[in-house]
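S.K.: This is the structure, below, for whatever I ask next.
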Amino acid sequence: MDRLVKFCLPLEMQNWLNRYKAPGYEYAFAKDIPNTLDNHKMTDRLAKIIPLRRKYRGKSRYGYTRPSSFGHKGGADRFALYFR
């Protein structure tokens, strides 16, 4: 993420992003974010400032067989954020 954009974000969002920071060699800027309502609310607030895309991640489990190419929001354990 651009340093200026990150600097201009509210402190609460900066701390949240630092908690889920993705490694530098990946395209995602945030990774392994638990699929909770609070995290989705924070992501919605962030999406008003930065155009982003969510990718849902998770394992197959009883009653849900994850397709090999993507995961549905309802069957996800976590998600990652990418620039749009």
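The values are calculated or read from the model by the stated rules, or taken from the named source; none is laboratory data. Fair warning: this is a prediction, and the values are worked out from it, not measured in the lab. When we count neighbours, we look across all protein chains shown, and the Cβ atoms used for this are built from the backbone with ideal geometry, even at glycine.
S.K.: Among the strands (runs of 3 or more DSSP E) confined wholly to the chain, which include 2 or more residues that are surrounded by 10 or more Cβ atoms within 10 Å (Cβ to Cβ), of a type in the set (Val, Ile, Thr) and at positive phi?
M.R.: none
S.K.: Which ones in the range 1-44 are within 18 Å of Gly74 (Cβ to Cβ) and among the basic types (Lys, Arg)?
M.R.: The one that is within 18 Å of Gly74 (Cβ to Cβ) and among the basic types (Lys, Arg): Lys41.
S.K.: Another question about this same structure. Residue pairs, Cβ under 8 Å, 6 or more apart or interchain, first in the range 21-50 and among the basic types (Lys, Arg), second surrounded by 14 or more Cβ atoms within 10 Å (Cβ to Cβ) and at pLDDT below 90. List them.
M.R.: Taking only residues 6 or more apart or on different chains, not a single pair turns up.
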